[in-house]
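First comes the structure, then the notes that go with it.
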Amino acid sequence: MLSVDGLTVEFGGTTLFKDVSFVINPKDRIALMGKNGAGKSTLLKILAGVRQPTSGRVSAPKDCTVCYLPQHMMTEDVRTVFEEASQAFAHLREMEAEIDAMNNELATRTDYESDSYMALIDRVAAASEKFYAIDMTHFEEDVEKALLGLGFKREDFNRPTAEFSGGWRMRIELAKLLLQNPDVLLLDEPTNHLDIESIGWLEDFIVNSPMAVVVISHDRRFIDNITTRTIEVTLGRIYDYKARYSHYLELRKERRQQQQKQYDDQQKQIAEAKEFIERFKGTYSKTYQVQSKVKWLEKLEIVEVDEEDTSALRLKFPPCPRSGSYPVTSEGVGKSYDGKTVFSNASFIISRGDKVAFAGRNGEGKSTMIKAIMREIEHDGTITLGHNVKIGYFAQNSASLLDENLTVFQTIDDIAVGDVRLKIRDLLGAFMFGGEENQKKVKVLSGGERVRLCMIKLLLEPINLLILDEPTNHLDLKTKDILKQALRDFDGTLIVVSHDRDFLDGLVEKVYEFGDGRVREHLCGINEFLEKKKSEQQS
């Protein structure tokens with residue numbers, strides 16, 4: 001399939017990879033892992049052919065099809081959703097037109113005995129055999145299945161793509177790639193814009209497909225469910241494990257322990273050799289032994305211990321002021337936009353200390369309900385906030401609303417009041433913005449760094465109702481785990497919207513399901529809720 005040979009990538013005087021080689025085999029499902037900045041996305045772009053290495057090459061058989069879904073992309077606005085997804089079959093239309101053109105040429109030519117005529121017959125036969133081996137009879141049904149699986153509704157099919165957000169356009173592009181049934185599919189953070197049901201559908205599609213897949217993702221459950229091999233990018237080289245992500249973590253820990261032991265043993269030998277040289281360098285009878293040890297030291301290759309990301313977010317929410325027994329009470333709440341009902345007659349009570357998830361497909365009203373609770377929108381029915389409720393709110397667009405011209409320090413300094421002003425640098429250090437990092441302008445921060453900065457703002461005053469709308473989209477696995485633990489220890493009330501099943505597992509004990517214009521309460525964790533949903537769909 002794809003063969004990577006001696007890949008080296010350099011830019012700005014820095015070597016990102018050096019002499020990297022590996023092979024992607026048919027049906028391989030590979031998780032590409034490594035800390036942020038290790039070069040995962042760059043490697044994926046090189047595999048896709050959209051970026052060239054400094055040296056080395058990527059080779060593939062002539063008929064191998066490689067499809068690539070980047071993190072960010074631009075789509076055209078001239079087609080409907082269904083037409084755009086159907087572009088997956090555009091190459092077949094071109095193939096059909098080419099066959100028709102060759103048949104017309106055969107019908108008009110009269111040089112039946114010429115070599116070129118015979119060659120044309122051979123070309124028509126080969127192209128026709130390839131074309132008719134592809135089942136085109138169900139292509140519309142296949143397009144429909146892909147779009148529905150990725151969260152579109154039938155009424156969306158004839159809407160222009162221009163009406164959809166970037167996240168939904170990403171889904172259209174993903175549908176096109178899946179419908180092309182490539183030999184190798186390269187995915188860079190495909191779950192960022194998918195809801196829980198669509199992630200489950202994509203998992204099933206990949207697992208049951210014969211194609212090879214290479215994926216970068218911060219969704220632990222997703223990569224554990226679909227991958228069987230893990231390639232770690234670290235310190236300019238790769239480690240290739242024939243294991244899924246969870247097992248890879250154990251193997252990596254063992255590898256690092258072995259490296260550390262080898263390093264410690266070698267350092268001990270070096271110290272002993274240097275001591276011997278220093279002790280006997282003027283002793284005639286020891287001259288040969290001294291020279292031997294000097295040569296040994298000159299030729300010695302120092303054992304390298306793989307870098308360990310020791311930077312760690314230290315996140316702990318301050319003690320909560322006590323709220324009333326029922327921080328949020330919803331009675332007959334409904335909301336419509338342009339005559340379309342998002343949900344109606346939603347009634348529920350969230351008690352003090354509850355940790356609940358709002359779940360459901362995108363567009364079913366989860367964020368709308370949060371905006372209603374925050375009194376950002378008008379709605380039917382009533383939402384009552386309990387006594388002494390103090391809200392901390394992270395919206396989906398919170399990170400993008402930060403003032404890009406301020407530094408990290410200025411962002412916090414501008415809003416901090418009271419005693420906390422004396423501890424701003426300590427607080428920033430706890431969030432991995434220590435030293436020069438806190439002088440960075442917001443505009444140069446990564447998505448994950450911006451989310452961390454928004455989290456600091458939530459800690460600046462005591463809160464007892466925390467509302468988080470997609471807080472994990474730009475966080476790496478390690479930071480997600482730290483945030484999850486801090487939320488488990490949080491002694492207030494939590495409402496969280498997230499499509500990350502691993503993040504929600506063990507965090508929430510109640511799920512409010514948004515769908516079909518209703519809000520249904522499920523007194524269980526996320527895994528039990530998803531099992532119930534699966535059973536309902538199969539029955």
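The values are calculated or read from the model by the stated rules, or taken from the named source; none is laboratory data. This is a predicted model, so every value here is computed, not measured. Please note: Cβ atoms are built from the backbone with ideal geometry, for glycine as well, and neighbour counts cover all protein chains shown. Side chains included, ligands, DNA and RNA excluded: accessible areas come from the protein's heavy atoms. Shrake-Rupley method; radii C 1.70, N 1.55, O 1.52, S 1.80 Å.
Can you tell me the accessible area per residue over region 10-133, all protein chains present, probe 1.4 angstrom, in square angstrom? Show your work: numbers first, answer last.
Details: 7570 Å² over 124 residues.
Each residue of region 10-133 exposes 61 Å² on average to a 1.4 Å probe.
So who's got an amide H within less than 5 Å of the one on residue 38, skipping anything under 5 residues away but keeping other chains? H placed 1.01 Å off N, in plane.
Placed amide hydrogens put nothing under 5 Å from residue 38.
For the residue pair residue 322 and residue 63, what label-to-label distance in nm results when each label sits 7 Å from Cα along the Cα-to-beta-carbon direction?
Distance between the two pseudo-spin positions: 7.5 nm.
Using square roots of five times the C-alpha gyration tensor eigenvalues, list the equivalent-ellipsoid semi-axes of region 227-383 in whole Å, biggest first. Intermediate values should be presented prior to the final figure.
On the way: eigenvalues 925, 81, 31 Å².
Taking √(5λ) for each eigenvalue gives 68, 20, 12 Å, largest first.
Seen from all sides and averaged, what is the projected area of the convex hull of the Cα atoms in region 223-301, in nm²?
Values: hull surface 26.5 nm².
For the Cα atoms of region 223-301, the hull's average projected area reads 6.6 nm².
I'm checking a number: the convex hull volume of the Cα atoms of region 43-121, normalised per residue, in Å³. What is it? It would help to have the intermediate numbers written out before the result.
Values: hull volume 13.3 nm³, N = 79.
Cα convex hull per residue, to the nearest whole number: 168 Å³.
Enumerate the amide H contacts of residue 33 below 5 Å, restricted to partners 5 or more residues apart or on another chain; note that Pro and chain-start residues carry no placed amide H.
Amide H to amide H, under 5 Å and 5 or more residues apart or across chains, residue 33 pairs with 231, 232, 233.
Mind checking which lysines have their C-alpha under 19 Å from residue 443, skipping anything on the same chain fewer than 8 residues away?
Here the lysines satisfying the reach criterion relative to residue 443 are 457.
Could you work out how far apart the two model spin labels at residue 374 and residue 97 are, taking each label as a point 7 Å from the Cα in the direction of the beta carbon, and quote it in nm?
In this crude label model, residue 374 to residue 97 measures out at 4.8 nm.
Distance between the C-alpha centers of region 228-281 and region 469-500? Whole Å please.
33 Å
How large are Rg and Dmax for region 497-539 when only the alpha carbon atoms are used, in Å?
10.5, 29
According to the square roots a ≥ b ≥ c of the eigenvalues of the Cα gyration tensor, what is the shape class of region 1-146, taking rounded for a/c under 1.5, prolate for a/b larger than b/c otherwise, and oblate for the remainder? Walk me through the numbers before you get to the answer.
On the way: a/c = 2.75, a/b = 1.72, b/c = 1.60.
Prolate, because a/c is 1.5 or more and a/b exceeds b/c.
How large is the Kirkwood hydrodynamic radius of region 385-441, counting all unique pairs of alpha carbons, in Å? Write down the numbers at each step before the final one.
Details: mean 1/r = 0.0767 Å⁻¹.
That comes to 13.0 Å for region 385-441.
So if I take the centroid of the Cα atoms in region 99-123 and the same for region 433-464, what is the distance between those two points in Å?
Taking the Cα centre of region 433-464 as reference, the centre of region 99-123 is 68 Å away.
Would you work out which of 95, 444, 119 lies farthest towards the positive end of the dipole of the chain, given +1 charges on the beta-carbon of Lys and Arg and -1 on that of Asp and Glu, about the Cα centre?
Looking along the dipole axis, the top candidate is 444.
Counting only protein heavy atoms, what percent of the accessible surface of the chain is carbon or sulfur at a 1.4 Å probe? Display every interim value, and only then the final one.
Numbers: 13230 of 27930 Å².
With neighbouring chains kept in place, the figure for the chain is 47 percent.
Please list the three semi-axes, largest first and in whole Å, of the ellipsoid equivalent to region 331-429, using sqrt of 5 times the eigenvalues of its alpha carbon gyration tensor.
Semi-axis lengths for region 331-429 are 34, 18, 12 Å.
How high is the relative contact order of the chain? Use alpha-carbon pairs under 8 Å, at least six apart in sequence, and give a whole percent.
15 percent
Points 7 angstrom from Cα along the Cβ direction at residue 278 and residue 27: gap in nanometres?
Modelled inter-label distance: 6.0 nm.
For residue 482 and residue 388, FRET efficiency with R0 = 22 Å and r from the beta-carbon atoms, rounded to 0.05?
Numbers: r = 29 Å, r/R0 = 1.30.
Approximately 0.15, to the nearest 0.05.
Would you list the P(r) distribution for region 9-83, with all Cα-Cα distances sorted into 5 Å bins from 0 and each bin expressed as a whole %?
Distribution as computed: 3, 10, 20, 23, 17, 12, 8, 5, 2, 0 percent.
How much accessible area per residue does region 435-521 have, in Å², with a 1.4 Å probe?
On the way: 3070 Å² over 87 residues.
Computed with neighbouring chains in place, this is 35 Å² per residue.
What number do you get for the chain when its Cα radius of gyration is normalised by 2.2 N^0.38 Å, N = residues? Don't skip to the end; give the middle numbers.
Numbers: Rg = 29.1 Å, N = 539, 2.2 N^0.38 = 24.0 Å.
That ratio works out to 1.21.
For residue 400 and residue 505, what is the calculated FRET efficiency with R₀ set at 25 Å and r taken between the beta-carbons, to the nearest 0.05? Don't skip to the answer; put the middle values down first.
Working: r = 28 Å, r/R0 = 1.12.
Computed FRET efficiency for residue 400 and residue 505: 0.35.
What is the dipole size for the chain, taken about its Cα centre, with +1 at each Lys and Arg Cβ and -1 at each Asp and Glu Cβ, in debye to the nearest 20? Each step should come with its number before you reach the end.
Values: 72 positive and 86 negative charges, 516 e Å.
Result for the chain is approximately 2480 debye, rounded to the nearest 20.
What is the dipole size for region 213-266, taken about its Cα centre, with +1 at each Lys and Arg Cβ and -1 at each Asp and Glu Cβ, in debye to the nearest 20?
Details: 11 positive and 8 negative charges, 23 e Å.
Taking the Cα centre of region 213-266 as origin, the dipole is about 100 debye.
Just want to confirm a number: the relative contact order over region 231-389, from Cα pairs under 8 angstrom separated by 6+ residues, in percent.
Value for region 231-389: 20 percent.
Can you tell me how much longer the chain between residue 108 and residue 424 gets when fully stretched, taken as 0.36 nm per residue apart minus their C-alpha distance, in nm with one decimal? Can you show the working numbers first?
Details: separation 316, 0.36 × 316 = 113.76 nm, distance 8.27 nm.
Extra length from residue 108 to residue 424 when fully extended: 105.5 nm.
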